[in-house]
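Visitor: The structure follows.
The values are calculated or read from the model by the stated rules, or taken from the named source; none is laboratory data. Quick caveat: nothing in here was measured; it's all calculated off a predicted structure. Backbone-built Cβ (ideal geometry, glycine too); neighbour counts: all protein chains shown. Heavy atoms of the whole protein, side chains included, go into the accessibility calculation; ligands, DNA and RNA do not. Shrake-Rupley method; radii C 1.70, N 1.55, O 1.52, S 1.80 Å.
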Amino acid sequence: MTASFDPSQDFFALFGLPRRQALDTARLEVLYRDLQAQVHPDKHAHLSDMEQRKAMQWATRVNEAYLTLKNPLKRARYLLALAGHDALIETNTAMPAEFLMAQMELREAVAEAKQRGDSAELEAQHRSLKQTIRSEYATLQSTLDAGDYDSAGERVRQLMFQEKLLHDIDEALEVLET
Amino acid sequence: MALLQISEPGQSAAPHEHRLAVGIDLGTTNSLVATVRSGLAVVLNDALGRPLLPSVVHYAADGHSEVGYEAQAFQASDPQNTLVSVKRLMGRGRQDIQHVESLPYDFVDAEGMVKLRTAQGIKSPVEVSADILRSLRERAELSLGGPLTGAVITVPAYFDDAQRQATKDAARLAGLKVLRLLNEPTAAAIAYGLDNGAEGIYAVYDLGGGTFDISILKLSQGVFQVLATGGDSALGGDDFDHRVFCWIIEQAKLAPLAPQDAGLLQMRAREAKEYLTSHGEAPITARLSTGEYVDLRLTTESFTAITHTLVHKTLGPTRKALRDAGLSPDEVKGVVMVGGATRMPQIQKAVEDFFGCEPLNNLDPDKVVALGAATQANLLVGNRAAGDDWLLLDVIPLSLGIETMGGLVEKIIPRNSTIPVARAQDFTTFKDGQTAMALHVVQGERELVSDCRSLARFELRGIPPMVAGAARIRVTFQVDADGLLAVAAREQTTGHEAHIEVKPSYGLSDDEIAAMLKDSIRHATDDAYRRALREAQVEAQRLVEAVQSALREDAELLTAAERAHIDACVAKLQAVMIGDDRRAVDAAIEALSSGTADFAARRMNRSVQRALAGKKVDAVSL
């Protein structure tokens, strides 16, 4: 058992997980549930108001930690921030030209499919983009865990673009459905 | 699970006291109260053996008021003073209410939450709901033989902050301690899941009298995790009645109706709807005050046709909730049906077609929510038995945001975030010496403020004067386990806490609540002071038990001096709680609460450590 527990410790330490992009998600699930089973306000509702308030603060923190670590993009950004490289994401907006060109073409194709109401095409774009994103995350994981923060930062910026586009396709499909 | 208790010689250990707790389903059409008795959740019936309490209150001119079946009797003869489906008005402005013209009430023309003019003065929907809750509280206390420690009250999952707050305020007016506001579909999932040992992904399709909810849950090893929820807080069985009502008027070619005729035909419409659940055709007959005679037959085919759009309207939110959960319909293992309106055959068929599996109807759709709430209430007051270590993880149904430049919304907390959840946002001043700032908090998914629901305006005061842009005010938005929002603000460079004034858009201010409380005490039949004293005593007892159990578990976390201080506070509270000085009881409660603050923090840290060390507390204390 650790000697003392610091509520301001980072999310990896909170779950007792190594500070890496590679993550055993099944283990995170189990740890999350075990932690919530201890700190959730429902477990303290019969205790004093003070204990209930503490429980809410803890449960809030555990939820935030879980959400951050579960999502690979959030996890990567969090790791970069812990390593002091978060500025790379906020301020550096330079992107390789060919990436930007490809993105613009993709965006146009999506806009056209949306215009035509072609949900089959949108579904196909969704699938293909999802696949690209998956392999990007694999690359991100190896660069980040190798300590190459510069190229990890660039991947993160690109993934933010791609995730946004994926989200836009989702929304277009949602509009077409209704 | 309980610790072995070793008592001083000559002193017996306190018997494991069973605290009285109930679950209340405060429905649009009917309400219920349930409790756990000998390990089994049961609905508490009224003196005549009836489980349901119609959510109807009648305010007579002579100062008497009736709740339930007695009030329902006045629906045709005195519709203006007989308030039904008041849940639809909770936390709502007049412009929000559908078919407002067909309601027989006298609405007060004012901003904010609607109010109704009755023979007993102006009533807020909160007060009307409080009367229903009070009736259920009395039923429970009579049946259980003592004052309640607390209640879990259910709300539609899709209720926004204003609607939730209004419900909590109503409970407070009714003299109930709210242990938790629980989402109705989640309550149903608890009842279903625990009964059937269910594991996997389940959907709860809950079509009540006035609200529709769809929740997608993951049930796994005693954890009920809500993945996504959606719905429509103004869609329910009442709307089906209304379609039938309109159909009657159209078919019988009736002119605008007198209020009592409208009330009568609404009743006939509902009867026809219910009749069609088990028959192919429903007769509709009525004699109106004008002497006209209505004699119609509604077939299942016509009924299905005129309500088709309503059924369809439930599938949109269902699709959206599944998408939010990242699932497709075939990944759902079962669909639990809740709410009386799911008895309609066209609803059953629509759900079966959508999910491709037969809906689960093995629990009474009227009772399942109250039973789940009772189970949760029993757990929350600490009446734990073996196998009761399940956990509920629920979500916030609608995104929370703040108004930014140009009437746009910046999302602060996205929908379907697991609660409790908090987000901090930094703001700065734009004028030299600025000491106040206003925040407008809205709830909804749209980009424009005007398309979202206004929750409240927060005014932060007491910001230390600085040059423009120098102050850094961190505003924290905290949503608690009831799904209710609280806002706190702190200036970061000076650590100065800003004072916050809340102006709820569709809620009651603290002053209004205080006035209503006073009012209800003045009108109460029982001695108000004794009632308040009894409540303080119940609270004191709860606190003493909580602290004693904490001391049994974790006494070594305290130094001798700290222990002595807490013991003194406990002794003081125990001494005053048997007397009849309420203020002294309140003061001693306060002293013990603050005296145990550090202890509480240390206990929490320890339980976190235990979880991380892979040791369950159960295993430690067994």
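Visitor: Run down B:Ala157, B:Ala166 and say which single residue is buried (at least 24 other Cβ atoms within 10 Å of the Cβ), away from chain A (no Cβ under 13 Å) and in contact with a strand residue (DSSP E or B) (Cβ under 7 Å, 6 or more places away or on another chain).
Guide: When all the criteria are applied, what remains is B:Ala157.
Visitor: Let me ask something else. How about region B:437-453: which of its residues are farther than 22 Å from B:Gln165 by Cβ, in a strand (DSSP E or B) and out of contact with any Gly (no Cβ under 9 Å at 6 or more places or on another chain)?
Guide: B:Met437, the sole residue that qualifies.
Visitor: Do we have any residue at all in region B:449-457 that's open to solvent by 10 Å² or more (accessible area, probe 1.4 Å) and within 14 Å of another protein chain (Cβ to nearest Cβ)?
Guide: Within region B:449-457 (the criterion being open to solvent by 10 Å² or more (accessible area, probe 1.4 Å) and within 14 Å of another protein chain (Cβ to nearest Cβ)), the answer is no, since none of the residues qualifies.
Visitor: What are the residue pairs meeting all of these: first residue in region B:284-303, first residue surrounded by fewer than 12 Cβ atoms within 10 Å (Cβ to Cβ), second residue hydroxyl-bearing (Ser, Thr, Tyr), Cβ atoms under 7 Å, and 6 or more apart or on different chains?
Guide: B:Asp295/B:Thr285
Visitor: How many residues are under 27 Å from B:Val152 (Cβ atoms) and either more than 7 Å from chain B (Cβ to nearest Cβ) or among the charged types (D, E, K, R) (or both) when one looks only at region A:30-54?
Guide: Of the residues in region A:30-54, 11 are under 27 Å from B:Val152 (Cβ atoms) and either more than 7 Å from chain B (Cβ to nearest Cβ) or among the charged types (D, E, K, R) (or both).
Visitor: Might you check whether a residue that is in contact with a helix residue (DSSP H, G or I) (Cβ under 8 Å, 6 or more places away or on another chain) and crowded, with 16+ Cβ neighbours inside 10 Å occurs anywhere in region B:467-475?
Guide: no
Visitor: A follow-up question, please. Quick test for you: out of B:Ala374, B:Ala341, pick the one residue that is part of a helix (DSSP H, G or I), surrounded by 17 or more Cβ atoms within 10 Å (Cβ to Cβ), at pLDDT below 95 and more than 14 Å from chain A (Cβ to nearest Cβ).
Guide: Details: B:Ala374 fails: at pLDDT below 95.
The conditions single out B:Ala341.
Visitor: How many of the residues in region B:99-122 are at pLDDT below 80 and among the polar types (S, T, N, Q)?
Guide: The qualifying residues number 1.
Visitor: Kindly indicate the residue of region B:382-427 that is farther than 30 Å from B:Leu543 by Cα, surrounded by fewer than 15 Cβ atoms within 10 Å (Cβ to Cβ) and in contact (Cβ under 8 Å) with a residue 40 or more places away in the chain and also farthest from the other protein chains (Cβ to nearest Cβ) among those meeting that condition.
Guide: B:Gly407
Visitor: Also: Residues of region B:455-467 being touching a residue at least 40 places away in the same chain (Cβ under 8 Å) and either of a type in the set (S, T, N, Q) or more than 18 Å from B:Glu403 (Cβ to Cβ) (or both), which ones?
Guide: B:Arg461
Visitor: Search region B:45-73 for residues being out of contact with any strand residue (DSSP E or B) (no Cβ under 7 Å at 6 or more places or on another chain) and within 22 Å of B:Arg268 (Cβ to Cβ), and hand back the single one that is least open to solvent (accessible area, probe 1.4 Å).
Guide: Checked region B:45-73; the qualifying residue least open to solvent (accessible area, probe 1.4 Å) is B:Ala73.
Visitor: Continuing with this model, one more query. Given the conditions (1) within 13 Å of chain A (Cβ to nearest Cβ); (2) open to solvent by 20 Å² or more (accessible area, probe 1.4 Å), and given that B:Ala561 satisfies all but one, which numbered condition is not satisfied?
Guide: So the condition that B:Ala561 fails would be (1).
Visitor: B:Lys313 - would you say it is at pLDDT 90 or above, open to solvent by less than 80 Å² (accessible area, probe 1.4 Å), part of a helix (DSSP H, G or I) and not aromatic (Phe, Trp, Tyr)?
Guide: Spelling it out, it is not the case that B:Lys313 is at pLDDT 90 or above, open to solvent by less than 80 Å² (accessible area, probe 1.4 Å), part of a helix (DSSP H, G or I) and not aromatic (Phe, Trp, Tyr).
Visitor: Additional query: Could you grab me the full set of residues in region B:428-448 that are open to solvent by less than 30 Å² (accessible area, probe 1.4 Å) and within 17 Å of B:Ser505 (Cα to Cα)?
Guide: B:Leu439, B:His440, B:Val441, B:Val442, B:Gln443, B:Gly444
Visitor: Of these, B:Leu573, B:Leu543, which one is at pLDDT 90 or above, on the phi < 0 side of the Ramachandran plot and open to solvent by less than 60 Å² (accessible area, probe 1.4 Å)?
Guide: Answer to the selection: B:Leu573.
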